[in-house]
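**Student:** Encoded as structure tokens, here's the structure I'll be asking about.
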Amino acid sequence: MITNLPNDLMEDILSRVPIERMRAVRLTCTKWNTLSNSPIFAKMHIDKAFDPAKEDESESRIIVLMEENLYLLSVFVNVNVYDVIIDFSVEQTGKLTCLDEQVKISNVYHCDGLLLCILEDVATRVVVWNPYLGQTRWIQLRSSHVVPWGLGFHNVSRYGIGYEDKGPGRNHKILRFIDVFLMEDGYKFLWYEIYDFESGLWTTLDVTEPHWRITHGDGVSVKGNTYWCARERDAEGWNGRRDYIKHIICFDYTRKRFGPLLPLPSEYTYAHVTLSCVREEKLAALCNSDENDDYWFEIWITTRIEAGKVSWSKFFTFNPNSLPHDSLFSFSGFYIDQVKKVVMFSGKRLNYHTVCIVNEEGEYQGEVAIGNLTEEKWWRSSLCPYVPSLVQVKGGRREKQSDLENFRYDEMMSRLTLFLWRCKKLGRNCSIST
């Protein structure tokens with residue numbers, strides 16, 4: 001191993017290493033670890049790896065959650081002068097490992113190059129991870145995110161990750177909330193709280209029982225805020241009515257509050273909606289309305305997006321019946337390349353996980369197998385775009401919690417204890433609406 005080269009030459013050599021191999025570089029020796037973690041080297045590495053003038057312009061990078069593990073994919077799409085796809089391929093460039101011992105990841109949220117990982121077998125902690133810097137930060141939850149439900153335990157917590165712009169830097173934050181309803185006796189429990197990376201503290205938010213309720217699907221971060229699908233609380237389908245989706249809602253991490261309900265596009269109400277983003281600058285919505293006989297999906301992209309305002313433009317229409325008869329695509333995320341005018345979905349075909357591609361005319365253009373499907377329950381893999389960042393996740397001072405927050409915490413824990421007691425009392429008959 002060569003370690004006596006000048007630093008500038010060593011930096012130039014190491015900056016050519018693919019990002020998915022940087023963890024191995026850092027573990028090789030102390031000098032390489034120190035060098036690769038310096039801000040100057042990190043900026044040079046990112047510039048070399050992701051400068052459009054230097055890299056293959058047809059390449060996109062995607063992170064896919066597949067069978068409780070994360071993988072980095074390089075996607076290559078070439079189009080001709082008529083925007084016709086002439087080549088499409090996907091390369092699994094590496095498995096991403098955030099800890100020395102491999103953990104099982106049940107869900108992942110991304111913002112500003114950071115990944116918030118919810119773990120399958122750990123109910124009282126989450127981990128925030130910067131894959132590029134190789135940094136992780138374990139965050140202790142103030143309560144378990146699983147509750148007894150029927151014959152087992154289920155995760156009822158929802159999450160979002162975003163940031164507050166503070167002068168020259170950003171203070172990243174995590175939103176966590178439980179908003180559940182016992183269908184047998186009408187008992188409700190709500191707890192919205194926010195974690196501050198700088199102070200290292202959780203704070204209960206003043207959200208009592210709003211007129212809206214966040215529905216199915218994961219939150220998506222755009223410009224530092226998180227957006228979810230939502231509906232009017234009194235319009236939910238708990239009494240036999242169909243559960244349609246008409247709105248989205250935004251959480252503003254700077255103001256620590258939710259904005260108003262914002263309309264989804266078009267005149268329809270939607271049976272299914274999945275949110276994604278375009279470079280974390282625009283929100284995208286995959287919408288399906290079953291008001292017509294044809295099973296069509298529309299993808300819309302925002303032309304304006306703020307905490308209290310939104311406008312939409314239709315990107316394309318897609319009929320999944322155009323897929324091969326033995327192929328399925330997942331609602332668990334999609335990736336848009338607005339320049340190439342294509343959309344990529346995760347899915348499955350036969351015994352393989354796949355990524356399929358659709359052009360702007362809504363036409364299926366092919367798929368690539370990215371891994372073996374070991375069990376049928378795992379076929380719904382999810383994907384999201386990835387661009388590395390220099391955001392530090394380690395450290396953060398530990399401030400003293402205020403007396404007011406201690407009081408609020410004790411109050412919420414008492415309510416949670418009562419909710420859990422009701423769940424256990426109902427036993428296998430317990431039905432929770434989340």
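**Student:** Treat each spin label as a single point 7 Å out from the Cα along the C-beta direction, and report the Arg233 to Thr208 distance in nm.
**Tutor:** Result: 0.9 nm between the two label points.
**Student:** Which order do peptides 343-353, 273-283 fall in by mean Cβ count within 10 Å, highest first?
**Tutor:** Working: 343-353: 21.0, 273-283: 19.1.
Put in order of decreasing packing, that is 343-353, 273-283.
**Student:** Sticking with this structure for a sec: Which stretch or stretches of region 185-227 have amide N atoms under 12 Å from the point lying 7 Å from Glu405's Cα along the Cα→Cβ direction?
**Tutor:** Residues 193-205 qualify, since their backbone N sits under 12 Å from the label point.
**Student:** Further question: Quick check on packing: order 414-424, 132-142, 246-256 by the mean number of other C-beta atoms within 10 Å, highest mean leading.
**Tutor:** Working: 414-424: 14.5, 132-142: 16.8, 246-256: 20.2.
The most tightly packed comes first, giving 246-256, 132-142, 414-424.
**Student:** Ok, one more. Report the FRET efficiency, 1/(1 + (r/R0)^6), for Lys341 and Lys95, where r is their Cβ-Cβ distance and R0 is 25 Å, rounded to 0.05. Walk me through the numbers on the way to the answer.
**Tutor:** Values: r = 31 Å, r/R0 = 1.22.
Rounded to the nearest 0.05, the efficiency is 0.25.
**Student:** With the crude spin-label approximation of a point 7 Å out along Cα→Cβ, what separation in nm comes out for Asn171 versus Thr417?
**Tutor:** Distance between the two pseudo-spin positions: 3.2 nm.
Values in this text are rule-based calculations from the coordinates and carry no lab data. In this text the structure is predicted, and so the values were computed from the model without any measurement. Backbone-built Cβ (ideal geometry, glycine too); neighbour counts: all protein chains shown.
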